[in-house]
C-alpha cells in the first residue's frame with residue numbers, strides 16, 4: 001500500500017516537473033517566435049499597421065481572434081490573389097478597410113507569418129523604465145521662477161527671525177541689568193541717530209558718492225541691455241523640444257527650417273511638416289497608450305482626427321508661435337547669404353565641428369535646448385565684429401564670389417556692365 | 001526750527017534714495033527670461049507691412065499667408081495636376097515622367113545634400129531603410145532602395161524616376177508629402193541621387 005502511494009507520489013512529482021519544464025520550454029519558444037516576429041513586424045508591417053490603433057491599415061491587436069489562422073496565413077503573403085479569386089472573406093475585409101490595397105509579401109513563408117502572429121498575440125514586451133533616459137518635451141521646465149521665489153522667501157524669513165531673536169536677547173539683558181539695580185542709559189532712537197549722522201558732512205559726501213556710483217552703474221547697465229534680447233525664452237503654444245528633435249533624433253535644421261538655405265527667412269515650419277512624422281509618431285508609450293497632449297495640439301490646430309485620419313478645415317486654427325529672434329525692421333538680414341554662401345568661412349571663423357550645422361554659429365547649441373532661447377545678442381556691434389574678423393579668402397569655388405570677381409574683371413577691362421548684371425533686378429535689393 | 005525741517009527733508013530724501021536703489025537692484029538682478037526686457041522704440045522692431053506668419057485681421061481666417069486666388073498660378077510654378085495622388089496617377093507618372101536634369105557631379109552633390117537633410121533621417125544615408133530614427137525605434141517599416149518589394153508593387157530597385165518623384169510629392173503610407181519642403185527642381189535632384197543608391201547591391 002505504502003509502495004503504491006510512493007510510486008504515485010513520484011509519478012505525480014515527475015509529471016509536475018515535466019509539465020513545468022514543458023511550459024517553460026514552450027514559453028521560451030513563444031518568446032523567441034515573438035522576438036523574431038517583432039523584428040519582421042517592424043520591418044514589414046509597421047509602416048501601415050500598429051497593434052493598438054489604426055494607422056493606414058487597421059489595428060492588429062486580436063487579429064487572430066477575428067480571423068482563422070488559415071485565412072491569415074494566406075492573406076498576409078498574398079492578399080491580392082485572394083481578392084482576385086473572389087474569396088468572400090477577403091473581399092469583405094478589403095471593402096471594410098476603404099479598399100486600400102495591402103502590400104503583398106511573397107517573401108514571408110508560413111513560419112515567418114506565424115512568428116508575426118505570435119508577436120501580435122504577445123504584444124510589445126514591457127521595457128524597463130530607464131531612469132537616465134533623456135527628458136522629453138513633455139516635461140515642464142518652468143520651475144526656476146518658483147525656486148527663486150522660494151530662496152527669496154527663505155532669506156526674508158531668516159532676516160525676520162534674526163531681528164526677533166536680537167530684540168528678545170536685548171530685552172532679556174535689560175531685565176537682568178534692572179534686577180541687579182544697575183541703571184542703564186536709554187537707547188538713542190534710530191531716527192535721532194540717523195539725523196545725527198547726516199549732520200556729519202563727511203558722511204553725507206560719502207553717501208552721495210555711493211549713491212551716484214550705484215545709480216550710475218545701474219543706469220549704464222540698463223542702457224546697454226535696452227533692446228538686447230539675449231536669453232529671451234518666451235512660452236510657446238506647444239512645448240516643442242529642440243533637444244529631442246535636433247539632438248536625440250538628429251533631424252537636420254533644414255528639414256523644418258527649409259527656408260534658411262533658399263531665402264532671407266529661415267521660416268517657421270507649417271504644421272504639415274510636423275505631420276510628416278507625427279501622423280505616425282504619437283508617443284503613446286509615454287502616455288499609457290494615449291496620444292501625447294502636445295501632439296494632440298498639432299492635430300487640434302489642423303482639425304485632424306487621428307481616428308479617421310481625415311482633416312476638417314473648418315475646425316483648423318493656425319498655431320501662433322511666439323517669435324524669439326527679431327531684428328529691427330530697418331535691419332536686413334539674409335539667412336541664405338550666411339548659411340549657403342558663407343558656410344565655409346563661418347565654420348572656420350567660429351570653429352564648428354563638421355557634424356555641427358552652420359546654424360550653431362549664431363543660434364548656439366540648439367540641440368541641447370529643451371526650450372528655445374536667443375543665444376546671440378543680435379546687436380549691430382555683434383554683427384560688425386564678426387564681419388571684421390571672418391576670413392573669406394580662398395573661396396574660389398564659391399559661385400557668389402566667382403560672380404563678383406567676374407564683374408570686377410569686366411569693369412577693369414572697360415566692358416559694358418549694368419546694375420542688372422550685379423543682381424540689381426532682384427526685388428529684394430529695394431523691397432524688403 | 002528752520003534747520004530741523006531742512007534736516008527732516010534731507011532724511012526723507014535719503015530714505016527715498018535708499019528705496020530706489022533697493023528697487024533697482026532687485027529688478028536688475030532677476031532678469032525675466034520670458035520678457036524681452038527694456039526696449040526703446042518697439043515700433044521700429046515691428047514691421048509696417050505684414051509678415052507671412054503674422055495674424056492679420058484683414059482676412060476672414062485671420063492669416064496673412066493666403067492661398068493664391070482660384071485658377072491662378074504663380075510665375076514659374078510647376079504644375080503636377082496630371083498625376084493625381086492615386087494608384088493610376090502613380091503608375092502614369094512612372095511611365096511618362098523623366099528626369100529633366102542631366103546626371104552630373106554638381107546635380108548629384110546637391111541631390112546628396114538634399115537627401116541627407118530630408119530623407120536620411122528615416123531612409124538612412126545609404127538608402128538601406130536604416131536611418132537614425134529607425135535605429136532608435138521612433139519610426140519603422142522604412143523600405144530599402146535596393147532590396148525587397150515596393151508596397152505599390154514591383155521591386156524597390158526597379159522604381160522609375162517618375163514613381164520616386166510622385167512619392168516625394170504626395171508621400172505614401174507613413175511617409176508624408178515633402179512638396180512644401182523640396183522645390184520641384186530639387187525633387188529631381190533627390191530622385192537622381194536615389195536612383196544612384198538603387199544601384200547598390
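The values are calculated or read from the model by the stated rules, or taken from the named source; none is laboratory data. These numbers were taken from a predicted model, which means no experiment stands behind them. When we count neighbours, we look across all protein chains shown, and the Cβ atoms used for this are built from the backbone with ideal geometry, even at glycine.
Just a few scattered comments:
- Verdict on residue A:361 being assigned to a helix (DSSP H, G or I) and not assigned by TED's automatic domain parsing to the domain that holds residue A:322: no
- When residue A:251 is tested against (1) part of a loop (DSSP other than H, G, I, E, B); (2) over 24 Å from residue B:37 (Cβ atoms); (3) more than 7 Å from chain B (Cβ to nearest Cβ); (4) at pLDDT 90 or above, just one condition goes unmet, and that condition is (3).
- Residues of region A:311-322 that turn out to be part of a loop (DSSP other than H, G, I, E, B), free of Cβ contacts under 8 Å to residues at least 60 places away in the same chain and more than 8 Å from chain B (Cβ to nearest Cβ), as a count: 3
- Within region A:94-112, the only residue that satisfies the criterion of being surrounded by 18 or more Cβ atoms within 10 Å (Cβ to Cβ) and free of Cβ contacts under 8 Å to residues at least 24 places away in the same chain is A:94.
- Set A:417, A:372: member being surrounded by fewer than 16 Cβ atoms within 10 Å (Cβ to Cβ) and either within 14 Å of another protein chain (Cβ to nearest Cβ) or farther than 17 Å from residue A:232 by Cβ (or both): A:417
- Residue within region B:154-175 that is on the phi > 0 side of the Ramachandran plot and within 23 Å of the chain's Cα centre (by Cα) present: yes
- The residues of region B:127-171 that are farther than 22 Å from residue A:283 by Cβ, within 10 Å of chain A (Cβ to nearest Cβ) and touching a residue at least 24 places away in the same chain (Cβ under 8 Å) amount to a single one, B:152.
- Region B:33-79, subset within 21 Å of the chain's Cα centre (by Cα) and under 30 Å from residue A:231 (Cβ atoms), residue farthest from the other protein chains (Cβ to nearest Cβ): B:50
- Search result, residues across region A:390-401 that are part of a loop (DSSP other than H, G, I, E, B) and at negative phi: A:390, A:391, A:392, A:393, A:395, A:396, A:397, A:398
- The condition (being surrounded by 12 or more Cβ atoms within 10 Å (Cβ to Cβ) and away from chain B (no Cβ under 14 Å)) is satisfied by just one residue among A:177, A:162: A:177.
- Unmet criterion (only one of (1) more than 25 Å from residue A:318 (Cβ to Cβ); (2) at pLDDT below 90) for residue A:213: (2)
- Only a single criterion out of (1) under 25 Å from the mean Cα position of the chain (by Cα); (2) part of a loop (DSSP other than H, G, I, E, B); (3) more than 11 Å from chain B (Cβ to nearest Cβ) is not satisfied by residue A:333, namely (1).
- The set of residues in region A:56-77 that are within 12 Å of chain B (Cβ to nearest Cβ) and more than 22 Å from residue B:148 (Cα to Cα) is empty.
- Residue match in region A:402-415 (condition: in contact with a helix residue (DSSP H, G or I) (Cβ under 6 Å, 6 or more places away or on another chain), over 27 Å from residue B:106 (Cβ atoms), part of a helix (DSSP H, G or I) and modelled with pLDDT of 85 or more): no
- Taking region A:132-175 as the range and being under 30 Å from residue A:247 (Cα atoms) and modelled with pLDDT of 50 or more as the test, the residues that pass are A:132, A:144, A:145, A:146, A:147, A:148.
- Residue A:211 vs. criteria touching a helix residue (DSSP H, G or I) at 6+ places or on another chain (Cβ under 6 Å), outside the structural domain of residue A:339 (by TED's automatic domain parsing), over 30 Å from residue A:42 (Cβ atoms) and not in a loop (DSSP other than H, G, I, E, B): yes
- Residues in region B:10-41 that are within 22 Å of residue A:323 (Cα to Cα) and at pLDDT below 75: B:31 only.
- Scanning region B:161-181 for residues that are in contact with a helix residue (DSSP H, G or I) (Cβ under 6 Å, 6 or more places away or on another chain) and either buried (at least 20 other Cβ atoms within 10 Å of the Cβ) or assigned to a helix (DSSP H, G or I) (or both) returns B:161, B:162, B:163, B:164, B:165, B:166, B:168, B:176, B:178, B:181.
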